[in-house]
Structure formats: structure tokens, C-alpha cells
Amino acid sequence: MSMLTLTATDRLYAEYVNRQWVRLLDVLQMNVPYIRCEGAELFRADGQRVLDFLSGYCVHNTGHNHPRIVSALRDELDRSGPVMLQSNVPDLAGELAYRLCESAGGRLQKAHFTSSGSEGVEAAIKFARAHTGRAGLIFTDRAFHGLTCGALSLMGSEFWREGFGPLLPDAKRIPFGDLKSLAAALSTKKYAAFIVETIQGEGGIRIPSSGYLQQAQALCRRYGSLFVLDEVQTGFYRTGCFLAAQHFGLDPDMVVLAKALSGGLVPVGAVLLTDDIYNSVYSSLKRAIVHTSTYSENNLAMRAGLATLDVLESEGLGARAISVGQFLRERLQTALAGYAMVKEVRGLGLFCGVEFQAPRSLTLRASFEAFMRIHPGMFGQMLVMQLFREGILTQICGNDFLVLKVAPPLVLQEAQVDEFVGKLAKVVESIHTSSSFWSEALGLARRVVSV
Ligand SMILES: Cc1ncc(COP(=O)(O)O)c(C=O)c1O
């Protein structure tokens, strides 16, 4: 699309923020203006409605613009309270910390607030080093913990790192699910922590085998390393429990949270930690603010967190994630059964994925391989684009391009499940039967790569 036909908003964004993002959205035909977003629905300026099955990567657990969260934020602004004085005890941080620790349970008795998931991972790295006196960190293949330098050092895919090194030394990558490699690394006693997503998100919605994380936790304890869970995507009832860790009976040393705590409106994250770790970091009066950040405990963010917890709890969205998630997977399994390119439908609560695979038929295989040669992410991106044409917003996983992420707001209705499944089945059918899907997609793929 020529720059002349872009709207004024696009033009300014392209000129002053990120031109490549606008170009990519244009090529994928996903660059549309929205005028209103509510629950699981996004209303486009042209009158069309889009169902959100991405949730801003698990930000919108409570649905878009939940009226109770919006009203709590308005009240917070109206009260003209003390904000970011940096010289008082912030009004609401203690209450939010208490509620987070109560919901998480176990030995997590302190909360450190942040403004993003990456910032939480950075804090967890520093806290683990301070507590153990060790520098090394263990992470897993396909892991995604954020894009700041420390978090990027724990990235399980080269794509995101390229050009940004050198990153942290002593970061050891091991396969997700492999206890032998973990034990071998931990036994060197060089590592401050094993940092792992309870269920891998960008890695392809990978649910660990029963016992893996339990045994990983035991190994960490044995060798004096901290067991740190990244629940940036899986937290806040996404999988049914407050933390996905609660499905597995885990007792982590730290948990990193972010995304959905914001209510989709005000950036806020938290690292939950044990008293022992807190005492190692903030060990004296002199170190009272040894790790902090300007915005982290601001009232608007804390109010967003409190109102979000109120909505999640009072609307029973954890139970809803379990029941609607089960219904969704059953519907998907039935609708997609028999399609050679659908490998698996999996998930927990409303954290689901549909994994695709190379087709068996020779004709389809040739097109699929041509696609893969252009770019390994291109097949998934075409799927996303076709779904968007049908009025469904979704994405493929960032570190496994053959897995379509299915993570709608937890307020999703059963009728919206039916609509999604019907539309996905239609797109999957066209992939298997229509040559036009492949020819159009190949043309588009070439254009995307040349952008
Ligand atoms: C599991 C996980 N950890 C950390 C992050 C980083 O969070 P943020 O983008 O808020 O920095 C992400 C982002 O998607 C994530 O998925």
C-alpha cells in the first residue's frame, strides 16, 4: 500500500514509531481501525465485528474495557490522591500485594511491582543472584521471557536475539521437559535459578508431563538454586487456577506475573517472592530501595490490579476458563478431526493451541514446502490472515510457528466458541481442498518477505 493512501494515524505512526509494523499489517490485510472493544468483541470502523481469540497475548482475561475496571480507574483519578511521590508509602500497593500473595499461596509472601513482564523477569534474575550469590541461569528451549537484555538472555529462539548481543553470560539452555539435563546443570552449583514457564506459551502451548515441574522443583532445592515460574501468560485464571502452578501442586520460590493484572488498561506486573529472598535483597536500611522503578507502585496501576482481581473472583472466571476451555477443545477436536494437517488440539483452561503439521498428500506437500522455504512463519501467518478475513483475531506462537494460539478473554460465551470453531474449520477445509488458498498465500508470502 502506498504511503499516500494511509490514514493520518497510520502516517504518523509509520513516520515516528515503526514503519515496518504498518507495512506488515497492510500486507496481511489486518490494518483496520477499531472504534470500540467490549468483552471478546472488537468493532471495526467499517461496521464489521471481530472476535478476539488472542486477548493481546493474555492481557484481556477480564474482557476488553470491563465496566467495573473502567469505573474503578475513573474513581481513582477523581480522588486526586498522592501518586508517585516516591517519598511516601503508596496507598494501594500493600493491599494488592496481600491479595496476590493470598491467591498464590505457598511461601510467596512478598510482591515486587513492575510495569511489564520483562521487567519482572529482570527483577527475578537480580533477586535470584542476590539470594544465592551465584550468577548462572537455566532456561528452556522455545522459552519466551521477554525482550530486555536479561530476559533475552533466557530466550529459547535465536530469532529474537540476533544483533542484540552480547547478552548475559552463564545462561544455559536445556530442553523443556528434560530432567537429566536440568540435573546435570544444577549439580555444578553455578546456577542461581531455573526459570521456566509453567506451560510454555510462545513455545507452542506446551503442557509439561505430569511430574516434570515437581521434580524440577525438587532438583532446584537439592542443589540450592531457585525455582522461578514465569506465569506472565498463564497467571490470573487463564488456565483455570489463579496460577497454572496450582494445577501441578508446585511451591515456587518466585513467580513472575504481568499482562492480565492490568485489566487490559494500565500496565502492571508483579514478582511474588518468599520472605527469605526479600531479606537477601532488601537486607538493611541502606538497601531499602536497592531495586525499584519509578512507575511500579503507582495508584492507577494498583487500582487496575485490585479491580481486575475483583472481577476475576466475583465473576468466577477461573471456573469459566475450565468449563468453556473444555467445551472449546472438544468442539475443536470434533471439527478438525480427520484433517491431515491438524496434528493436535491441546490446552488447559482457555490457554489452548492447535498444532499443524506438513501435509501427507504430495500436491499439498509441495506447496507447504515452498511456503516453508520462503519463511518458516509464513504458513501460520496465512492462517491468521484467513481467519481475520472471517472476523477472528488470533496469532501463531512466537517460538513455534506451526501452533495457532487460541486464548480468548475468559468472559467468552459458548455461542462465540461455536462461531470461532465454525470459521476455523472453514479455513482448515480450504487449506486441504482449495488450490486458491495456496496460490494466493504463496503470492502474499513472497510480498511479505520482500517488504
Ligand atoms: C511468558 C512471558 N514472559 C514474559 C513476557 C514479557 O512480557 P512483557 O512483554 O510485558 O515485557 C512475555 C511476553 O509475551 C511472556 O509471554
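What follows is calculated from the coordinates using simple rules that are stated; it is not laboratory data. Here the structure is a predicted model, which means the values were calculated and not measured. Cβ coordinates were reconstructed from backbone atoms using ideal geometry, including for glycine residues, and neighbour counts include every protein chain displayed.
Among Lys405, Lys423, sorting on how many other beta-carbon atoms sit within 10 Å of each Cβ, with the fewest leading, yields Lys423, Lys405. Any chance you could give the angle, 0 to 90 degrees and rounded to 10, that helix 93-104 forms with the longest Cα principal axis of the chain? Roughly 70 degrees, rounded to the nearest 10. Between Ser435 and Thr7, the modelled label-to-label distance comes to 3.9 nm, taking each label 7 Å out from Cα in the direction of the beta carbon. Computed from Cα atoms, the angle from the helix 317-336 axis to the main principal axis of the chain rounds to 30 degrees. For the range 185-248, applying the loop criterion from DSSP together with a ceiling of 13 other beta carbons within 10 Å to the trypsin sites (Lys or Arg not before Pro) yields Lys189.
Taking the alpha carbon gyration tensor of the range 240-303, multiplying each eigenvalue by 5 and rooting it gives semi-axes of 24, 21, 6 Å, largest first. Applied to the range 128-138, the Karplus parametrisation 6.51 cos²θ - 1.76 cosθ + 1.60 on θ = phi - 60° returns per-residue 3J(HN,Hα) values of 5, 5, 4, 6, 9, x, 10, 9, x, 9, 10 Hz, with x for Gly and Pro. A simple spin-label model places the labels of Met372 and Arg44 3.2 nm from each other, with each point 7 Å out along Cα-to-Cβ. Counting neighbouring beta carbons within 10 Å and listing from fewest to most, the residues Asp251, Asp310 come out as Asp251, Asp310. If I model the range 282-376 as equal point scatterers sitting on the Cα atoms and use the Debye formula, what is log10 I(q)/I(0) at q = 0.16, 0.23 Å⁻¹? Taking Cα atoms of the range 282-376 as identical point scatterers yields -0.84, -1.12.
Looking only at Cα atoms, what is the convex hull volume of the range 114-217 per residue, in Å³?
Dividing the Cα hull volume of the range 114-217 by its residue count gives 99 Å³.
Counted by Cβ distance under 13 Å from Pro376, the other residues give a net charge of -2, where Lys and Arg count +1 and Asp and Glu count -1.
Between the helical axis of 378-389 and the longest alpha-carbon principal axis of the chain there is an angle of about 80 degrees.
Extension gain for Ser323-Val32 works out to 101.5 nm (0.36 nm per residue, less the C-alpha to C-alpha distance). Please give the net charge around Asp400, taking every other residue with its beta carbon less than 11 angstrom from that of Asp400, where Lys and Arg add +1 and Asp and Glu add -1. Once positives and negatives cancel, what remains is 0. Here the chain is described by how far its Cα atoms reach on the three principal axes: 68, 56, 44 Å, from widest to narrowest.
Ranked by how many other Cβ atoms sit within 10 Å of their own Cβ, fewest first, the residues Phe164, Phe236, Phe242 fall in the order Phe164, Phe242, Phe236. Net charge of the neighbourhood of Glu440, taken over other residues with C-beta under 14 Å away and scored Lys/Arg +1, Asp/Glu -1, is +3.
Summarised as an ellipsoid, the range 1-93 has semi-axes of 34, 20, 13 Å, derived from the eigenvalues of the Cα gyration tensor scaled by 5 and square-rooted, with the largest first.
Computed FRET efficiency, Cβ-Cβ of Lys426 and Asp78, R0 45 Å: what is it to the nearest 0.05? Plugging the Cβ-Cβ distance into 1/(1 + (r/R0)^6) gives 0.45. The mean sequence distance of close C-alpha pairs (under 8 Å, at least 6 residues apart), as a share of the length of the chain, puts its relative contact order at 21 percent.
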